[in-house]
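One structure is given below, encoded as structure tokens.
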Amino acid sequence: MSQFIAGKTKRRIHLLHSGLPDCASPIVSHADGHPDILGVHGTGFFARKGSSVIFITARHCLTRDNQDDDDLLEAASRLRVPYVLHGGKKSERDFLQFDSVYSFEHQSIDIPGTFVDFVILTIAVKPGTWQDKCLRSRAAKLPPTGNWLDEFARTRISQQTFLNGGIIQLVTVGYPQNGTQTEISAPGEVVTQSAVACGSLGPGVYPHTMTMADITWQDGLNGFSGSPVFLSYRNEDGIQFALVGMLITGGNRQGQFIRISQITGSTFDPPLDFDLRA
């Protein structure tokens, strides 16, 4: 079991991965009435807490206006998100079916728009089926409490890192529209290639975000929206990865990601208003 130091107290974290989780998936959808015409427009990822697995992505990957959740559910019905990324996809059974979409209003004048830029999609899957087992094996672990990243940033480990001129490394996995071999061909075949990018942790531009700075990906960041962001560090068990948020915007090798504290805690409740003024 892994540990980190918070002040003088050792605390065990139950959200670490010994390898980078295979949780990311391209956001692929078809147009109304044209199921064989597909487009790739972003990234999403699977996350789990307890016995539940959900799919998380940026809200603007599904809509560019203030549609309500019923309209978003209609958009979600056109998504073609596969249970597994490898192999051919020939039937509806190969793709997820979503039964609800949750989005969240905020009350901050410092955040653009009406809604926080992420959505949670619950998946219509029967417990114990191969689909359920597949999603569990792919999903990133959600923390038991949402403020662990904020606590980590205040620990002696991270403080000493900054004092020594070092960095806290972040890693993200996404499906950029440039620089990879993503292709779409008739009849609706999609070939995708993910990209792994690294960066360093910095303070956020908005109240609910932090910065992924000095991103190593040399092409445009378009398509990374909705990508999971992991903190990476080494302890006695080797290199560990922990989910810290989701990318929403970026450019010039800088990206803003929503802190995990703004996502977890509301993931299995009805939609709640977010008050991010504090």
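The values are calculated or read from the model by the stated rules, or taken from the named source; none is laboratory data. Treat the numbers as computed from the prediction; the structure is a model and nothing was measured. Cβ coordinates were reconstructed from backbone atoms using ideal geometry, including for glycine residues, and neighbour counts include every protein chain displayed. Side chains are part of the model used for accessible areas, which takes the heavy atoms of the whole protein and leaves out ligands, DNA and RNA. Shrake-Rupley method; radii C 1.70, N 1.55, O 1.52, S 1.80 Å.
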Here the residues within segment 18-74 that are at pLDDT below 85 and open to solvent by less than 20 Å² (accessible area, probe 1.4 Å) are Ile27, Val28, Gly42, Thr63, Leu72
- Query: Is it the case that Val205 is modelled with pLDDT under 85, of a type in the set (A, V, I, L, M, F, W, C) and more than 24 Å from Phe241 (Cβ to Cβ)?
  - Reply: no
query: Is it true that Val173 is open to solvent by less than 70 Å² (accessible area, probe 1.4 Å), modelled with pLDDT of 85 or more and of a type outside the set (Lys, Arg)?
result: yes
Counting only residues in segment 198-247 that are small (Gly, Ala, Ser) and farther than 19 Å from Thr57 by Cβ, the one most open to solvent (accessible area, probe 1.4 Å) is identified as Gly204
Within segment 248-259, residues more than 24 Å from Asp99 (Cβ to Cβ) and either buried (at least 17 other Cβ atoms within 10 Å of the Cβ) or among the hydroxyl-bearing types (Ser, Thr, Tyr) (or both) come out as Ile248, Thr249, Gly250, Gly255, Gln256, Phe257, Arg259
A careful count of residues in segment 82-135 that are modelled with pLDDT under 85, of a type in the set (D, E, K, R) and crowded, with 16+ Cβ neighbours inside 10 Å gives 1
